[in-house]
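Visitor: Before we start, here is the structure in question, set down as structure tokens.
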Protein chains: 2
Amino acid sequence: MINKLISNIKKTDAPIVVGLDPMLSYIPEFMQKKAFAEYGETLEGAAEAIWQFNKEIVDKTCDLIPAVKPQIAMYEQFGLPGLMAFKKTVDYCKSKDLVVIGDIKRGDIGSTSAAYATGHIGRVKVGGKEYTPFDEDFVTVNPYLGSDGVNPFVKVCQEEKKGLFILVKTSNPSSGEFQDQLVGGRPLYELVGEKVAQWGEDCMGDGYSYIGAVVGATYPEMGKALRKVMPKSYILVPGYGAQGGKGADLVHFFNEDGLGAVVNSSRGIIAAYKQEKYERFGAENFGEASREAVKDMAADIREALAGR
Amino acid sequence: MINKLISNIKKTDAPIVVGLDPMLSYIPEFMQKKAFAEYGETLEGAAEAIWQFNKEIVDKTCDLIPAVKPQIAMYEQFGLPGLMAFKKTVDYCKSKDLVVIGDIKRGDIGSTSAAYATGHIGRVKVGGKEYTPFDEDFVTVNPYLGSDGVNPFVKVCQEEKKGLFILVKTSNPSSGEFQDQLVGGRPLYELVGEKVAQWGEDCMGDGYSYIGAVVGATYPEMGKALRKVMPKSYILVPGYGAQGGKGADLVHFFNEDGLGAVVNSSRGIIAAYKQEKYERFGAENFGEASREAVKDMAADIREALAGR
């Protein structure tokens, strides 16, 4: 699956991911009203609004982007109907040949991690039959429980040729509280980065491993250090745009080959029509605004990479 | 909710939690067959088998126990039908006056943690209406992202009088890989434990905080140290029984008042009929075997506490 991600990135010349993290407040009122008219102001109504919103954004951007990253929390907050919208979104994006990164940040003791891996990137057996319940291409994983919490995910990746992005250094302001603590003179995130490189060794695609890392755009210096610690790991970089990261901050996340990183933007793309820069599109054409924002983001990163 | 947990513990004189973590292999064949006859060998069939299995165990044990802890991964692995069985289980246990600890181990950046908190222990707004999607009483939370990933959960606990158990030292063999790393001469888990105590200060019930911690039964010495670091935090102790923890290992997790800890057993209770000790019950009476295992576990812990 890492090979497919890289091939999609080369095809679009855009190392970017659109974060499909819909809040109801991002969804234009006309679209909410339509969903509520059909399903009422219910969880089902919210789920329908989310699904229609996602579909329009995917339709308007899928030829320009290699991958999407739906954040499952934004669906889970609407209970089972929300999770149905998550599943519909995953399936629809795959039908458009997009790589789907399920941002699920799961992680537990061995047997429990195995169940998460099975449900999201693997196959579950029921009697004599097998099913692929959520069927994302990649998932994000929390490493706090150590190797035996991560290995079941790695095993499923090997079997299914799927991939992981493991949290190393997250983009949020207080990520340093534990992740930056010095362990033998080095920050904990470097230790986690080394483990990511190790876990990835037995799961190599053509040039990069199936096992990647999450490192926030908001910490470019750490991105630079971690790039060296994990030379064969793809880095998923959240925090571009709304969280404050800029193209110029991102060059050190990439290798010299122009590969090795993929940058996520969520709100900056999916709620672009709410920004002054794109308000000319109007709420009715929010998908066009997202398309324009994708073009601008890809150009920003291309320029930064060309200028380094 | 911490007050209710403590009152349930006093009522049953059993500081224990039954982990409702059903694997299909734990479910007696006759029960699987019945579910598959109705729904086929499908995700729906698996979900029905899980739900019927849980219901029988809850019916046979609910008068003896204060709380249950369904592990959501075991349901999530069966996709949406599995999550429906999770929700049915939560609702059913609440109808039996049990405290429900959703073992979800979520945790993300602020806005995303807020969505998880809303979905699992809070209320979500849809237009002019409000819903409580999963509606557990407590959830488990992963702290790797730091305070701004935990605070949204704490805020919802304050609003809804619900509770958390935050991962401090997990029960699995490789938990030490990151959690035991020395930071300024002290292990990272102690630093996390101190934070748990701080997060809990603004969320006090009558004697204990709404904000508790997870510390594995498999590390009794660390439980002893952490008990002092977090005197007002309830400790959820996984790892009893099948993972190797014994009653005598557990006394240091409790305060002098005999409170302060609640010990989880999953496989040891729900699959008791598969153990030699309880095989006399037979697969048809697996619920009775679970009841007997609950009695034995409660007695083991009571004796250990009495003998300290």
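Please treat every number below as a calculation from the coordinates, not as lab data. From a predicted model like this one, the values you see are computed outputs, not experimental measurements. Please note: Cβ atoms are built from the backbone with ideal geometry, for glycine as well, and neighbour counts cover all protein chains shown.
Visitor: Using only Cα atoms, locate the centre of region A:141-184 and the centre of region A:228-282, then give the distance between them in Å, rounded to an integer.
Guide: Between the Cα centres of region A:141-184 and region A:228-282 lies a distance of 20 Å.
Visitor: Quick one: net charge of residue B:230's neighbours, Cβ under 13 Å, K/R +1, D/E -1? Walk me through the numbers before you get to the answer.
Guide: Numbers: positive: B:169, B:195, B:224, B:227, B:228, B:232; negative: B:190, B:194, B:201.
Result for the local shell: +3.
Visitor: So the label point sits 7 Å from Cα along the Cα-to-Cβ vector; using that for residue A:127, what distances do you get to the other copies, in nanometres, sorted shortest first?
Guide: Inter-copy label distances (nm, one decimal, shortest first): 4.1.
Visitor: If you don't mind, another one. If you rank B:69, B:11, B:88 by fewest surrounding Cβ atoms within 10 Å, what's the result? Mind dumping the intermediate values first?
Guide: Values: B:69 25, B:11 11, B:88 17.
Least crowded to most crowded, the residues run B:11, B:88, B:69.
Visitor: Let me ask something additional. Please report, for residue A:30, the nm distances (one decimal) from its label point, 7 Å out from Cα along the beta-carbon direction, to the equivalent points in the remaining copies, shortest first.
Guide: For residue A:30, the inter-copy label distances come out at 6.1 nm.
Visitor: Could you tell me whether region A:171-255 comes out rounded, prolate or oblate from its Cα gyration tensor? Rule is a ≥ b ≥ c as square roots of the eigenvalues, rounded for a/c under 1.5, then prolate if a/b exceeds b/c, otherwise oblate. Please report the intermediate quantities before stating the final value.
Guide: Details: a/c = 2.08, a/b = 1.19, b/c = 1.75.
In terms of gyration-tensor shape, oblate.
Visitor: Once you list every other residue whose beta carbon is under 13 Å from the beta carbon of residue B:183, what net charge do they have if Lys and Arg are +1 and Asp and Glu are -1? Let's see the in-between values first.
Guide: Details: positive: A:186, B:186, B:195; negative: A:177, A:180, B:180, B:190, B:194.
So the surrounding residues net to -2.
Visitor: To make sure I understand, if each residue's beta carbon is the centre and we count other beta carbons within 10 Å, what order do A:144, B:234, A:116, B:39 fall in, fewest to most?
Guide: Numbers: A:144 24, B:234 30, A:116 27, B:39 17.
If I rank by nearby Cβ atoms, fewest first, I get B:39, A:144, A:116, B:234.
Visitor: Taking the Cβ of residue A:40 as the centre, find all other residues whose Cβ is under 15 Å away and add up their charges (Lys, Arg: +1; Asp, Glu: -1).
Guide: Neighbourhood net charge equals -1.
Visitor: Continuing with the same structure: Sort out for me the Cα centre separation of region B:198-219 from region A:1-64, rounded to whole Å.
Guide: Computed from Cα coordinates, the inter-centre distance equals 39 Å.
Visitor: Please report, for residue B:244, the nm distances (one decimal) from its label point, 7 Å out from Cα along the beta-carbon direction, to the equivalent points in the remaining copies, shortest first.
Guide: Going from nearest to farthest copy, the values are 4.3 nm.
Visitor: Let me ask another. What shape does region A:117-239 take by its C-alpha gyration tensor, where a ≥ b ≥ c are the square roots of the eigenvalues and a/c under 1.5 counts as rounded, a/b above b/c as prolate, and the rest as oblate?
Guide: Details: a/c = 2.16, a/b = 1.94, b/c = 1.12.
Verdict is prolate for region A:117-239.
Visitor: Can you tell me the FRET efficiency between residue A:302 and residue A:221 if r is taken as the Cβ-Cβ distance and R0 is 25 Å, rounded to the nearest 0.05? Intermediate results must be reported in sequence, preceding the final value.
Guide: Details: r = 22 Å, r/R0 = 0.90.
With a Förster radius of 25 Å, E is 0.65.
Visitor: How would you classify chain B from its alpha-carbon gyration tensor, with a ≥ b ≥ c the square roots of the eigenvalues: rounded for a/c under 1.5, else prolate if a/b is greater than b/c, otherwise oblate? It would help to have the intermediate numbers written out before the result.
Guide: Numbers: a/c = 1.70, a/b = 1.20, b/c = 1.42.
In terms of gyration-tensor shape, oblate.
Visitor: For a Förster distance of 25 Å, can you work out the FRET efficiency between the beta-carbons of residue A:129 and residue A:159, rounded to the nearest 0.05?
Guide: Values: r = 17 Å, r/R0 = 0.70.
After rounding, the FRET efficiency stands at 0.90.
Visitor: Taking the DSSP beta bridges in the protein assembly as shown as the whole, what percent of them are antiparallel, to the nearest 5?
Guide: Numbers: 12 of 64 bridges.
Within the protein assembly as shown, antiparallel bridges account for around 20 percent of the total.
Visitor: Can I ask one more? Check residue A:261: other-chain or 5+ apart residues with amide H under 5 Å from its amide H, H built from backbone geometry?
Guide: Under 5 Å from the amide H of residue A:261 lie the amide H atoms of A:235, A:255, each far enough along the sequence or on another chain.
Visitor: Here is a follow-up. When A:31, B:204 are ordered from fewest to most other Cβ atoms inside 10 Å of their Cβ, what list results?
Guide: Details: A:31 18, B:204 13.
Listed from fewest to most nearby Cβ atoms, that is B:204, A:31.
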